[in-house]
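Written out below as structure tokens is the structure these notes cover.
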Amino acid sequence: MDVIRQVGALRLAVGQARVKGQRVALVPTMGALHQGHLSLLDCAAQHGELRVMSIYVNPTQFGPSEDFTKYPRPFDDDCELARGRGCDIVFAPADGDMYPDGFCTTVSVNRLSETLCGASRPGHFAGVATVVLKLLNLVQPDTAVFGRKDAQQVLVLRRMVQDLNVPVRLIAAPTVREQDGLALSSRNVYLTAEERRQAPLLYRGLQALGRAFEHGQLDTQRLRASARDIIAGATLFSLEYLEVVDTVMLRPLDRVDRTALVALAARCSQSRTRLIDNITLGGEL
Ligand code: AMP
């Protein structure tokens, strides 16, 4: 596996693979890799002979009071994990190469970026869309793989690719969870022991909602109540949102009359960690 920091070297390596007829699959990450990230490499292997993982903690997607400076950066461990899972290239650009002096451009995916996580994280999805479009332009992959764990991100990027005619296929891979159901996240390390004990209730609430839907409940008020009852047991968490929305424009649904995304965000009172999770009803993302 090659660790590449320079854009020129990246282009050369990808170009050489293309000459050999290899398809290129990209997995963008911010590092602090866990089994969820590594599962995206497995997915990439199904779509490309050259697997590129980018590791870049993108400053423009963090708000001023967010955890950019303390975000975990165990780079050497990440490279070992990526190598062990069949990654061919880790691309880890420097801030100065991604955002050189005079950088002025932002990709805004309007409407989709203003709801759910976007409501409390203004500018977040513009930061994500901008850096992902840059990575897609740098690597020019056939396929890029993202996790359904960040469902809104998937939908924002899908919209961007469609709206701007970006020649790439986006794949949304399933969420990898701990045995107790908690979705793996690089931010789980921030949780206190008691928060970690309560955190699986978020997914248990979503599962209860999913069961109510399977039993025929289509009214989203009632569905949300079934999740809230369980999530209320996580007394150290306050729910930022729990919404049932359509999977195209993320508009709230009164009834589940099409594929729906059920998404939540919750904040811990002790560590201030913010966790997100989601399920879909009646289809996949
Ligand atoms: P991040 O490093 O948090 O930007 O995540 C990089 C990619 O990994 C994104 O596409 C995430 O959606 C995906 N990801 C994060 N957590 C998980 C998980 N538990 N299961 C599957 N994919 C995940």
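Rule-based calculations on the coordinates, nothing more; no lab input. Nothing here was measured: the structure is a model prediction, and the numbers come from that model. No Cβ is skipped: glycine too gets one built from the backbone with ideal geometry, and neighbour counts run over all protein chains shown.
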Whether the stretch 209-262 is rounded, prolate or oblate, judged on the alpha carbon gyration tensor where a/c under 1.5 counts as rounded: oblate
Checking VAL145, VAL132, VAL52 against a Gaussian network model of the chain (alpha-carbon springs below 10 Å), the top fluctuating residue turns out to be VAL132
Which trypsin sites (Lys or Arg not before Pro) in the stretch 18-105 sit in a loop by DSSP (not H, G, I, E or B) and have at most 11 other Cβ atoms within 10 Å of their own Cβ? LYS20, LYS70
Of VAL57, VAL176, VAL19, the one that fluctuates the most in a GNM where the chain has Cα springs shorter than 10 Å: VAL19
For the stretch 17-96, give the magnitude of the charge dipole about the Cα centre (Cβ charges: +1 Lys/Arg, -1 Asp/Glu; no others), in debye to the nearest 20. 360
If one builds a Gaussian network model of the chain from Cα atoms under 10 Å apart, the most fluctuating residue listed among HIS215, HIS47, HIS34 is HIS215
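Full extension from GLU114 to GLN221: what is 0.36 nm times the residue separation minus their Cα-Cα distance, to one decimal in nm?
36.3 nm
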Please list, by residue number, every one of the chymotrypsin sites (Phe, Trp or Tyr not before Pro) in the stretch 52-141 that is coil in DSSP and has at most 12 other beta-carbon atoms within 10 Å. PHE103
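Below 8 Å between Cα atoms, with a sequence gap of 6+, how large is the relative contact order for the chain in percent?
Computed value for the chain: 16 percent relative contact order.
The stretch 141-285: D in µm²/s via Stokes-Einstein (Kirkwood Rh, Cα pairs, 4 °C, 1.567 mPa s)?
Calculated translational D: 81 µm²/s.
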Trypsin sites (Lys or Arg not before Pro), restricted to the stretch 99-149: which are DSSP loop and have at most 15 other Cβ atoms within 10 Å? ARG111
Shape verdict for the stretch 37-112, please, from the Cα gyration tensor: rounded (a/c under 1.5), prolate (a/b greater than b/c) or oblate. prolate
